[in-house]
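Reviewing the structure listed below.
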Amino acid sequence: MPRPAVNVAVRAARAAGQIILRHMNRLESLAVVEKQQLDFVSEVDRMAEAEIIRELKRAYPAHAVLAEESGAIGKSKNTWVIDPLDGTHNYLRGFPHFSVSIALLEHGDPIIAVVFDPLRGELFTASKGDGAFVNDRRMRVGKREGLAGALLATGFPYRQRAHLDAQIGMTRALLGEAEDIRRTGSAALDIAYVAAGRIDGFYEIGLKPWDMAAGVLLVREAGGRYSDFVGREGMPDSGNLLAGNIKVVDAMVKVIAPELTPALAR
(Lines give C-alpha, C1' and ligand atoms only; values in the text may rest on other atoms or scores of the structure.)
Protein backbone atom coordinates (compact mmCIF):
# COMPACT_ATOMS: atom_id res chain seq x y z
CA MET A 1 0.00 0.00 0.00
CA PRO A 2 1.57 3.35 -0.99
CA ARG A 3 2.12 6.12 1.50
CA PRO A 4 -0.88 8.20 0.36
CA ALA A 5 -2.89 5.90 2.63
CA VAL A 6 -1.07 7.52 5.58
CA ASN A 7 -2.35 10.92 4.45
CA VAL A 8 -5.90 9.58 4.27
CA ALA A 9 -5.63 8.14 7.78
CA VAL A 10 -4.12 11.37 9.08
CA ARG A 11 -6.99 13.37 7.62
CA ALA A 12 -9.48 10.98 9.26
CA ALA A 13 -7.70 11.15 12.62
CA ARG A 14 -7.59 14.94 12.59
CA ALA A 15 -11.29 15.12 11.72
CA ALA A 16 -12.07 12.83 14.67
CA GLY A 17 -9.80 14.91 16.89
CA GLN A 18 -11.79 18.04 16.07
CA ILE A 19 -15.00 16.33 17.17
CA ILE A 20 -13.36 15.13 20.38
CA LEU A 21 -12.03 18.57 21.30
CA ARG A 22 -15.23 20.39 20.31
CA HIS A 23 -17.22 18.43 22.89
CA MET A 24 -14.77 18.73 25.77
CA ASN A 25 -16.54 21.78 27.16
CA ARG A 26 -19.80 19.87 27.68
CA LEU A 27 -18.67 16.55 29.10
CA GLU A 28 -21.37 16.53 31.78
CA SER A 29 -24.13 16.62 29.18
CA LEU A 30 -22.79 13.86 26.92
CA ALA A 31 -24.88 10.75 26.42
CA VAL A 32 -22.91 7.81 27.86
CA VAL A 33 -23.83 4.11 27.69
CA GLU A 34 -22.29 1.25 29.71
CA LYS A 35 -21.75 -1.47 27.06
CA GLN A 36 -20.77 -3.94 29.74
CA GLN A 37 -19.52 -3.62 33.28
CA LEU A 38 -17.08 -0.68 33.49
CA ASP A 39 -16.99 -0.42 29.68
CA PHE A 40 -18.40 2.93 28.59
CA VAL A 41 -19.05 4.53 25.22
CA SER A 42 -20.05 8.14 24.66
CA GLU A 43 -21.77 9.87 21.78
CA VAL A 44 -18.38 11.43 21.01
CA ASP A 45 -16.87 7.96 20.42
CA ARG A 46 -19.64 7.22 17.94
CA MET A 47 -19.48 10.56 16.15
CA ALA A 48 -15.69 10.39 15.85
CA GLU A 49 -15.83 6.83 14.56
CA ALA A 50 -18.46 7.70 11.96
CA GLU A 51 -16.29 10.56 10.70
CA ILE A 52 -13.23 8.31 10.44
CA ILE A 53 -15.14 5.63 8.53
CA ARG A 54 -16.59 8.26 6.20
CA GLU A 55 -13.11 9.60 5.35
CA LEU A 56 -11.59 6.15 4.87
CA LYS A 57 -14.46 4.83 2.78
CA ARG A 58 -14.35 7.90 0.56
CA ALA A 59 -10.77 7.04 -0.40
CA TYR A 60 -10.95 3.23 -0.19
CA PRO A 61 -14.56 2.08 -0.66
CA ALA A 62 -13.58 -1.57 -1.17
CA HIS A 63 -11.63 -1.86 2.08
CA ALA A 64 -13.11 -3.56 5.13
CA VAL A 65 -13.38 -1.88 8.53
CA LEU A 66 -13.02 -3.20 12.08
CA ALA A 67 -14.04 -0.48 14.51
CA GLU A 68 -14.50 -0.53 18.27
CA GLU A 69 -18.09 0.69 18.21
CA SER A 70 -19.34 -0.40 14.75
CA GLY A 71 -17.66 -3.81 14.67
CA ALA A 72 -16.70 -5.51 11.39
CA ILE A 73 -17.88 -3.94 8.13
CA GLY A 74 -17.22 -5.76 4.86
CA LYS A 75 -14.54 -8.25 3.84
CA SER A 76 -11.23 -7.55 2.12
CA LYS A 77 -7.54 -8.39 2.36
CA ASN A 78 -7.24 -4.75 3.50
CA THR A 79 -8.91 -3.83 6.79
CA TRP A 80 -8.90 -0.49 8.59
CA VAL A 81 -8.81 -1.01 12.36
CA ILE A 82 -10.15 1.97 14.30
CA ASP A 83 -10.34 3.17 17.88
CA PRO A 84 -11.94 6.61 17.62
CA LEU A 85 -11.23 7.56 21.23
CA ASP A 86 -8.72 5.39 23.06
CA GLY A 87 -9.00 6.52 26.66
CA THR A 88 -12.74 7.19 26.87
CA HIS A 89 -12.66 6.89 30.67
CA ASN A 90 -9.99 9.61 30.81
CA TYR A 91 -11.90 11.81 28.38
CA LEU A 92 -15.18 11.62 30.28
CA ARG A 93 -13.41 12.73 33.47
CA GLY A 94 -11.46 15.55 31.84
CA PHE A 95 -8.21 13.64 32.37
CA PRO A 96 -6.01 14.94 29.53
CA HIS A 97 -4.65 11.72 28.04
CA PHE A 98 -6.44 10.03 25.14
CA SER A 99 -5.93 9.43 21.44
CA VAL A 100 -7.31 8.44 18.06
CA SER A 101 -5.88 5.20 16.65
CA ILE A 102 -6.13 4.07 13.01
CA ALA A 103 -4.29 1.18 11.35
CA LEU A 104 -4.50 -0.55 8.00
CA LEU A 105 -3.95 -4.31 7.99
CA GLU A 106 -3.11 -6.30 4.88
CA HIS A 107 -3.83 -10.00 5.40
CA GLY A 108 -3.75 -9.27 9.13
CA ASP A 109 -0.37 -7.51 9.13
CA PRO A 110 -0.24 -3.78 10.02
CA ILE A 111 1.08 -1.69 7.12
CA ILE A 112 -0.21 1.81 7.98
CA ALA A 113 -0.42 3.39 11.44
CA VAL A 114 -1.66 6.70 12.79
CA VAL A 115 -2.03 7.60 16.46
CA PHE A 116 -3.16 11.17 17.08
CA ASP A 117 -3.15 13.05 20.39
CA PRO A 118 -5.56 15.92 19.72
CA LEU A 119 -4.79 17.77 22.95
CA ARG A 120 -1.03 17.98 22.33
CA GLY A 121 -1.29 18.05 18.56
CA GLU A 122 1.11 15.11 18.33
CA LEU A 123 0.78 12.87 15.30
CA PHE A 124 2.52 9.48 15.31
CA THR A 125 2.66 7.85 11.86
CA ALA A 126 4.26 4.86 10.15
CA SER A 127 4.01 2.86 6.96
CA LYS A 128 5.59 -0.55 6.57
CA GLY A 129 9.24 -0.25 5.54
CA ASP A 130 9.31 3.55 5.72
CA GLY A 131 10.08 4.19 9.39
CA ALA A 132 8.04 5.84 12.15
CA PHE A 133 7.58 9.55 12.80
CA VAL A 134 6.14 11.96 15.33
CA ASN A 135 5.14 15.26 13.70
CA ASP A 136 7.46 14.41 10.79
CA ARG A 137 10.45 13.71 13.07
CA ARG A 138 11.80 10.17 12.85
CA MET A 139 11.32 8.08 15.97
CA ARG A 140 13.47 5.34 17.45
CA VAL A 141 12.79 3.10 20.42
CA GLY A 142 14.96 3.63 23.49
CA LYS A 143 18.43 2.11 23.82
CA ARG A 144 17.93 0.54 27.25
CA GLU A 145 20.03 -2.63 27.62
CA GLY A 146 17.49 -4.36 29.85
CA LEU A 147 15.09 -3.58 32.67
CA ALA A 148 17.60 -1.76 34.86
CA GLY A 149 16.52 1.88 34.87
CA ALA A 150 13.60 1.18 32.51
CA LEU A 151 10.33 3.10 32.59
CA LEU A 152 7.42 0.80 31.70
CA ALA A 153 3.73 1.34 31.03
CA THR A 154 0.73 -0.91 31.50
CA GLY A 155 -3.03 -0.97 31.91
CA PHE A 156 -5.43 -2.86 34.16
CA PRO A 157 -8.25 -3.63 31.75
CA TYR A 158 -11.79 -3.88 33.07
CA ARG A 159 -12.53 -6.82 30.72
CA GLN A 160 -9.72 -8.93 32.19
CA ARG A 161 -10.19 -8.69 35.95
CA ALA A 162 -10.12 -12.49 36.15
CA HIS A 163 -6.38 -12.19 35.50
CA LEU A 164 -5.82 -9.47 38.09
CA ASP A 165 -3.79 -11.62 40.47
CA ALA A 166 -1.45 -12.65 37.65
CA GLN A 167 -1.05 -9.08 36.44
CA ILE A 168 -0.27 -7.84 39.94
CA GLY A 169 2.31 -10.61 40.18
CA MET A 170 3.82 -9.56 36.84
CA THR A 171 3.85 -5.93 37.97
CA ARG A 172 5.54 -6.83 41.24
CA ALA A 173 8.17 -8.86 39.39
CA LEU A 174 8.84 -6.11 36.85
CA LEU A 175 9.08 -3.44 39.56
CA GLY A 176 11.79 -5.55 41.15
CA GLU A 177 13.92 -4.90 38.06
CA ALA A 178 12.66 -1.70 36.42
CA GLU A 179 12.81 1.91 37.59
CA ASP A 180 9.05 2.57 37.54
CA ILE A 181 5.72 1.80 35.88
CA ARG A 182 3.09 4.18 34.52
CA ARG A 183 -0.62 3.48 34.00
CA THR A 184 -2.09 6.25 31.84
CA GLY A 185 -5.31 4.86 30.36
CA SER A 186 -4.61 4.93 26.61
CA ALA A 187 -2.83 1.82 25.32
CA ALA A 188 -2.47 3.25 21.80
CA LEU A 189 -0.70 6.33 23.12
CA ASP A 190 1.45 4.30 25.52
CA ILE A 191 2.67 2.09 22.68
CA ALA A 192 3.33 5.18 20.53
CA TYR A 193 5.44 6.51 23.42
CA VAL A 194 7.46 3.28 23.33
CA ALA A 195 8.15 3.92 19.64
CA ALA A 196 9.20 7.49 20.49
CA GLY A 197 11.62 6.29 23.21
CA ARG A 198 9.67 8.04 25.97
CA ILE A 199 8.75 4.71 27.57
CA ASP A 200 11.09 1.73 27.45
CA GLY A 201 8.52 -1.06 27.51
CA PHE A 202 4.82 -1.83 27.58
CA TYR A 203 2.76 -4.81 28.75
CA GLU A 204 -0.97 -5.39 29.00
CA ILE A 205 -3.45 -8.26 29.14
CA GLY A 206 -6.32 -8.73 26.72
CA LEU A 207 -6.01 -5.82 24.32
CA LYS A 208 -8.34 -5.66 21.34
CA PRO A 209 -7.00 -5.21 17.78
CA TRP A 210 -8.01 -1.54 17.75
CA ASP A 211 -6.02 -0.93 20.95
CA MET A 212 -2.72 -2.13 19.49
CA ALA A 213 -2.76 -2.41 15.67
CA ALA A 214 -1.41 1.08 15.03
CA GLY A 215 0.95 1.13 17.99
CA VAL A 216 2.73 -2.12 17.18
CA LEU A 217 3.59 -0.94 13.66
CA LEU A 218 4.97 2.29 15.12
CA VAL A 219 7.19 0.22 17.42
CA ARG A 220 8.37 -2.10 14.65
CA GLU A 221 9.16 0.79 12.31
CA ALA A 222 10.99 2.56 15.15
CA GLY A 223 13.33 -0.43 15.48
CA GLY A 224 11.54 -2.24 18.28
CA ARG A 225 9.81 -5.55 18.83
CA TYR A 226 6.42 -6.73 19.97
CA SER A 227 5.26 -10.18 21.07
CA ASP A 228 2.93 -12.09 23.33
CA PHE A 229 3.87 -12.88 26.93
CA VAL A 230 6.03 -15.87 26.02
CA GLY A 231 7.93 -14.07 23.27
CA ARG A 232 6.06 -15.20 20.14
CA GLU A 233 6.42 -12.33 17.70
CA GLY A 234 3.52 -10.68 15.91
CA MET A 235 0.26 -9.10 16.99
CA PRO A 236 -1.11 -11.65 19.49
CA ASP A 237 -4.61 -13.02 19.01
CA SER A 238 -4.81 -13.21 22.80
CA GLY A 239 -4.24 -9.46 23.11
CA ASN A 240 -1.52 -10.14 25.70
CA LEU A 241 1.12 -7.74 24.43
CA LEU A 242 4.72 -6.83 25.18
CA ALA A 243 6.50 -4.03 23.30
CA GLY A 244 9.88 -2.35 23.53
CA ASN A 245 13.33 -2.70 22.09
CA ILE A 246 14.57 -6.25 21.59
CA LYS A 247 16.53 -6.42 24.85
CA VAL A 248 13.73 -4.96 26.98
CA VAL A 249 11.13 -7.34 25.52
CA ASP A 250 13.44 -10.31 26.07
CA ALA A 251 13.97 -9.20 29.68
CA MET A 252 10.24 -8.77 30.29
CA VAL A 253 9.51 -12.24 28.90
CA LYS A 254 12.04 -13.73 31.31
CA VAL A 255 10.88 -11.79 34.38
CA ILE A 256 7.14 -12.38 33.98
CA ALA A 257 7.43 -16.08 33.07
CA PRO A 258 6.98 -17.38 36.65
CA GLU A 259 3.81 -15.27 37.06
CA LEU A 260 1.99 -16.51 33.96
CA THR A 261 -1.04 -18.71 34.30
CA PRO A 262 -1.64 -21.33 31.58
CA ALA A 263 -4.33 -19.07 30.09
CA LEU A 264 -1.90 -16.17 29.73
CA ALA A 265 0.83 -18.34 28.23
CA ARG A 266 -1.36 -19.58 25.38
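Do we find that ALA162 is of a type in the set (Gly, Ala, Ser), surrounded by 13 or more Cβ atoms within 10 Å (Cβ to Cβ) and more than 24 Å from GLU43 (Cα to Cα) in this structure? It is false that ALA162 is of a type in the set (Gly, Ala, Ser), surrounded by 13 or more Cβ atoms within 10 Å (Cβ to Cβ) and more than 24 Å from GLU43 (Cα to Cα). With the structure loaded, tell me whether ASP117 is at positive phi and either over 18 Å from the mean Cα position of the chain (by Cα) or outside the structural domain of ARG198 (by TED's automatic domain parsing) (or both) or whether it fails that test. No: the conditions fail for ASP117. For region 157-191, a tally of residues being out of contact with any Leu (no Cβ under 7 Å at 6 or more places or on another chain) and assigned to a loop (DSSP other than H, G, I, E, B) returns 6. Across region 178-209, which residue is surrounded by the most Cβ atoms within 10 Å (Cβ to Cβ) among those that are among the acidic types (Asp, Glu) and over 30 Å from SER70 (Cβ atoms)? Result: ASP200. Here the condition is being crowded, with 24+ Cβ neighbours inside 10 Å and over 15 Å from the mean Cα position of the chain (by Cα); of VAL219, VAL253, VAL248, it holds for VAL248 alone.
Would region 128-147 turn up any residue that is modelled with pLDDT under 95 and either more than 29 Å from ALA13 (Cβ to Cβ) or part of a helix (DSSP H, G or I) (or both)? So far as region 128-147 goes, no, none of its residues is modelled with pLDDT under 95 and either more than 29 Å from ALA13 (Cβ to Cβ) or part of a helix (DSSP H, G or I) (or both). Of note, LEU92 does not satisfy the criterion of being out of contact with any Gly (no Cβ under 8 Å at 6 or more places or on another chain) and part of a loop (DSSP other than H, G, I, E, B).
Of the residues making up region 95-110, those that are buried (at least 18 other Cβ atoms within 10 Å of the Cβ) and part of a strand (DSSP E or B) are SER99, VAL100, SER101, ILE102, ALA103, LEU104, LEU105, PRO110. Go through region 198-240 and give me each residue that's of a type in the set (Phe, Trp, Tyr) and either farther than 16 Å from THR154 by Cβ or outside the structural domain of ALA173 (by TED's automatic domain parsing) (or both). Across region 198-240, the qualifying residue is only TRP210. Filtering ALA166, ALA173, ALA195 for residues that are in the same structural domain as TYR226 (by TED's automatic domain parsing), in contact with a strand residue (DSSP E or B) (Cβ under 7 Å, 6 or more places away or on another chain) and either among the aliphatic types (A, V, I, L, M) or farther than 26 Å from ARG266 by Cβ (or both) leaves a single hit, ALA195.
Would you point out which residue out of ARG58, ARG26, ARG14 is at pLDDT 95 or above, part of a helix (DSSP H, G or I) and surrounded by fewer than 16 Cβ atoms within 10 Å (Cβ to Cβ)?
Only one candidate qualifies: ARG58.
Taken together, LEU147, LEU175 contain a single residue that is within 24 Å of ILE246 (Cβ to Cβ), surrounded by fewer than 17 Cβ atoms within 10 Å (Cβ to Cβ) and of a type in the set (A, V, I, L, M), which is LEU175.
The values are calculated or read from the model by the stated rules, or taken from the named source; none is laboratory data. For clarity, every value in this text was computed on a predicted model and none was experimentally measured. Please note: Cβ atoms are built from the backbone with ideal geometry, for glycine as well, and neighbour counts cover all protein chains shown.
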